[in-house]
Amino acid sequence: MEQSSNDTSNQQERLVNLAWLAGLFEGEGSVSLVRGSGNRIMPRVHMINTDWELIEEWSSRWKELGVGNYVQLRKVYNIEKHKPTKQVLICGVKRVNNFCRILLPYLRGHKKEVAALVLEYTDYRLALPRPKRGGTYVSRDIEYVTRVRALNKKGPQVSSETIR
(Lines give C-alpha, C1' and ligand atoms only; values in the text may rest on other atoms or scores of the structure.)
Protein backbone atom coordinates (compact mmCIF):
# COMPACT_ATOMS: atom_id res chain seq x y z
CA MET A 1 0.00 0.00 0.00
CA GLU A 2 1.42 3.36 -1.02
CA GLN A 3 1.64 6.19 1.51
CA SER A 4 0.25 9.54 0.52
CA SER A 5 2.43 12.62 0.92
CA ASN A 6 0.08 13.79 3.69
CA ASP A 7 0.71 10.55 5.66
CA THR A 8 4.45 11.02 5.22
CA SER A 9 4.37 14.64 6.37
CA ASN A 10 2.21 13.68 9.39
CA GLN A 11 4.70 10.96 10.29
CA GLN A 12 7.63 13.36 9.92
CA GLU A 13 5.85 15.96 12.06
CA ARG A 14 5.20 13.33 14.73
CA LEU A 15 8.89 12.32 14.74
CA VAL A 16 9.97 15.97 15.04
CA ASN A 17 7.51 16.49 17.93
CA LEU A 18 8.75 13.39 19.75
CA ALA A 19 12.39 14.40 19.24
CA TRP A 20 11.57 17.89 20.57
CA LEU A 21 9.80 16.42 23.61
CA ALA A 22 12.77 14.12 24.26
CA GLY A 23 15.36 16.89 23.89
CA LEU A 24 13.51 19.20 26.22
CA PHE A 25 13.02 16.40 28.74
CA GLU A 26 16.72 15.48 28.67
CA GLY A 27 17.68 19.09 29.33
CA GLU A 28 15.02 20.14 31.84
CA GLY A 29 13.13 17.09 33.08
CA SER A 30 13.44 14.18 35.44
CA VAL A 31 11.77 10.85 36.01
CA SER A 32 11.78 9.22 39.43
CA LEU A 33 10.09 6.97 41.93
CA VAL A 34 8.95 9.18 44.80
CA ARG A 35 8.23 7.91 48.29
CA GLY A 36 5.08 9.60 49.50
CA SER A 37 2.94 9.51 52.59
CA GLY A 38 2.44 6.10 54.08
CA ASN A 39 5.53 4.89 52.19
CA ARG A 40 3.55 5.05 48.97
CA ILE A 41 5.75 4.75 45.88
CA MET A 42 4.69 7.00 43.04
CA PRO A 43 6.34 7.16 39.61
CA ARG A 44 6.70 10.81 38.59
CA VAL A 45 7.89 12.85 35.64
CA HIS A 46 8.78 16.43 36.42
CA MET A 47 9.68 19.25 34.05
CA ILE A 48 10.26 22.82 35.19
CA ASN A 49 11.13 26.03 33.37
CA THR A 50 10.82 29.79 33.58
CA ASP A 51 9.50 29.94 30.00
CA TRP A 52 5.78 29.51 30.63
CA GLU A 53 4.89 29.20 26.94
CA LEU A 54 7.38 26.35 26.61
CA ILE A 55 5.86 24.56 29.61
CA GLU A 56 2.32 24.97 28.29
CA GLU A 57 3.36 23.66 24.86
CA TRP A 58 5.17 20.65 26.38
CA SER A 59 2.11 19.87 28.50
CA SER A 60 -0.34 20.16 25.59
CA ARG A 61 1.80 17.93 23.35
CA TRP A 62 1.70 15.19 26.00
CA LYS A 63 -2.06 15.56 26.36
CA GLU A 64 -2.36 15.16 22.56
CA LEU A 65 -0.42 11.89 22.95
CA GLY A 66 -2.88 10.72 25.62
CA VAL A 67 -0.57 11.25 28.61
CA GLY A 68 -2.40 13.16 31.31
CA ASN A 69 -0.48 15.81 33.20
CA TYR A 70 -0.98 19.02 35.06
CA VAL A 71 0.83 22.35 35.17
CA GLN A 72 1.59 24.13 38.44
CA LEU A 73 2.90 27.60 39.14
CA ARG A 74 5.74 27.25 41.62
CA LYS A 75 5.95 29.63 44.52
CA VAL A 76 8.97 31.96 44.45
CA TYR A 77 10.43 32.63 47.87
CA ASN A 78 13.02 35.17 46.79
CA ILE A 79 11.81 37.13 43.75
CA GLU A 80 15.10 39.05 43.55
CA LYS A 81 17.13 35.88 43.02
CA HIS A 82 14.68 33.61 41.16
CA LYS A 83 12.20 33.98 38.33
CA PRO A 84 8.72 32.52 38.67
CA THR A 85 8.54 29.02 37.21
CA LYS A 86 5.94 26.55 36.09
CA GLN A 87 6.24 22.82 36.27
CA VAL A 88 4.58 19.95 34.46
CA LEU A 89 3.90 16.84 36.52
CA ILE A 90 2.99 13.43 35.17
CA CYS A 91 2.19 11.18 38.11
CA GLY A 92 1.01 7.62 38.56
CA VAL A 93 1.90 4.19 37.29
CA LYS A 94 -0.17 4.22 34.07
CA ARG A 95 0.68 7.77 33.00
CA VAL A 96 4.41 7.43 33.66
CA ASN A 97 4.39 4.05 31.94
CA ASN A 98 2.84 5.63 28.83
CA PHE A 99 5.29 8.53 28.99
CA CYS A 100 8.34 6.23 29.18
CA ARG A 101 7.03 3.87 26.50
CA ILE A 102 6.47 6.76 24.07
CA LEU A 103 9.66 8.71 24.78
CA LEU A 104 12.25 6.00 25.45
CA PRO A 105 13.19 5.39 21.77
CA TYR A 106 14.00 9.11 21.38
CA LEU A 107 16.16 9.54 24.47
CA ARG A 108 19.94 9.55 24.08
CA GLY A 109 21.48 10.61 27.38
CA HIS A 110 21.65 9.36 30.94
CA LYS A 111 17.90 9.80 31.39
CA LYS A 112 17.31 6.96 28.91
CA GLU A 113 18.70 4.51 31.48
CA VAL A 114 16.54 5.99 34.25
CA ALA A 115 13.41 6.00 32.06
CA ALA A 116 14.04 2.36 31.07
CA LEU A 117 14.26 1.34 34.73
CA VAL A 118 11.10 3.27 35.64
CA LEU A 119 9.34 1.67 32.65
CA GLU A 120 10.42 -1.76 33.92
CA TYR A 121 9.04 -0.90 37.37
CA THR A 122 5.71 0.41 36.05
CA ASP A 123 5.33 -2.67 33.81
CA TYR A 124 5.91 -4.84 36.88
CA ARG A 125 3.33 -2.90 38.94
CA LEU A 126 0.73 -2.96 36.15
CA ALA A 127 1.14 -6.74 35.83
CA LEU A 128 0.13 -7.25 39.48
CA PRO A 129 -3.48 -8.22 40.25
CA ARG A 130 -5.56 -5.06 40.72
CA PRO A 131 -6.02 -5.18 44.54
CA LYS A 132 -2.24 -5.49 45.10
CA ARG A 133 -1.32 -2.45 43.01
CA GLY A 134 -2.32 0.08 45.65
CA GLY A 135 0.01 0.22 48.60
CA THR A 136 1.39 -3.26 49.14
CA TYR A 137 5.11 -3.04 48.56
CA VAL A 138 7.72 -5.75 48.82
CA SER A 139 11.51 -5.72 48.76
CA ARG A 140 11.46 -5.71 44.95
CA ASP A 141 9.67 -2.33 44.98
CA ILE A 142 12.20 -0.88 47.41
CA GLU A 143 15.05 -2.17 45.21
CA TYR A 144 13.62 -0.26 42.24
CA VAL A 145 13.38 2.92 44.30
CA THR A 146 16.98 2.49 45.46
CA ARG A 147 18.26 1.84 41.92
CA VAL A 148 16.41 4.84 40.46
CA ARG A 149 17.65 7.09 43.27
CA ALA A 150 21.22 5.93 42.67
CA LEU A 151 20.92 6.62 38.93
CA ASN A 152 19.54 10.06 39.75
CA LYS A 153 22.37 10.41 42.30
CA LYS A 154 20.01 10.99 45.22
CA GLY A 155 20.63 7.86 47.21
CA PRO A 156 23.51 6.78 49.39
CA GLN A 157 26.72 7.13 47.43
CA VAL A 158 29.74 4.86 47.61
CA SER A 159 32.43 6.65 49.60
CA SER A 160 35.97 7.10 48.30
CA GLU A 161 37.10 4.83 51.18
CA THR A 162 35.04 1.98 49.73
CA ILE A 163 36.59 2.43 46.28
CA ARG A 164 40.17 2.12 47.63
Report task. Report, ordered by chain and residue number, the aspartates and glutamates lying within cross-link reach of K112, taken as a straight Cα distance under 14 Å and ignoring same-chain residues fewer than 8 apart. Result -> E26, E28, E120
Report task. Could you calculate the contour length gain from H46 to R130, that is, 0.36 nm times the residue separation minus the distance between their Cα atoms, to one decimal place in nm? Result -> 27.6 nm
Report summary line: Unit-weight point scatterers at every alpha-carbon of segment 70-151, Debye formula, q = 0.24 1/Å: log10 I(q)/I(0) is -1.14
Report summary line: Helix 93-103 sits off the longest principal axis of the Cα atoms of the chain, rounded to the nearest 10 on a 0 to 90 degree scale, by 50
Report summary line: Here the relative contact order (percent) of segment 10-75, from C-alpha pairs under 8 Å and at least 6 apart, is 19
Query - Length added when fully stretched, R140-N39, from 0.36 nm per residue minus Cα-Cα - result: 34.9 nm
Query raised in the report: On full extension of the chain, what length is gained from E120 through Q11, given 0.36 nm per residue of separation minus the C-alpha to C-alpha distance?
Result: 36.5 nm
Report task. May I ask you to work out the translational diffusion coefficient for segment 1-93 at 4 °C, viscosity 1.567 mPa s, via Stokes-Einstein with Rh from the Kirkwood sum over Cα pairs, reported in whole µm²/s? Result -> 85
Query - Principal-axis tilt of helix 5-28 within the chain, Cα atoms, nearest 10 degrees - result: 30
Query - Residue-level accessible surface for K63, protein heavy atoms, 1.4 Å, Å² - result: 110
Report summary line: Carbon plus sulfur, as percent of the 1.4 Å-probe accessible area of the chain, comes to 50
Query raised in the report: Highest GNM mean-square fluctuation, the chain, Cα pairs closer than 10 Å: which of G23, G92, G66?
Result: G66
Query - Note, ³J(HN,Hα) from phi for segment 29-37, Karplus 6.51, -1.76, 1.60, rounded to Hz, x at Gly and Pro - result: x, 8, 10, 7, 10, 9, 8, x, 5
Report task. Return the aspartates and glutamates within reach of K81: Cα separation strictly under 19 angstrom, same-chain partners fewer than 8 residues apart disregarded; answer none if there are no such residues. Result -> D51
Query - aspartates and glutamates with Cα under 14 Å of K153, excluding same-chain neighbours fewer than 8 positions away - result: E113
Query - Nearest-10 value in Å² for the accessible area of Y106, using the 1.4 Å probe - result: 70
Query raised in the report: Remind me, relative contact order of segment 1-153 in percent, using alpha carbon pairs under 8 angstrom and six or more residues apart?
Result: 23
Query raised in the report: Between the helical axis of 52-64 and the dominant principal axis of the chain, each derived from Cα atoms, what acute angle in degrees is found, rounded to the nearest 10?
Result: 80
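The values are calculated or read from the model by the stated rules, or taken from the named source; none is laboratory data. What you see is a predicted model; the values in this text were computed from it and never measured. What goes into the accessible areas is simple: the full protein's heavy atoms, side chains included, and nothing from ligands, DNA or RNA. Shrake-Rupley method; radii C 1.70, N 1.55, O 1.52, S 1.80 Å.
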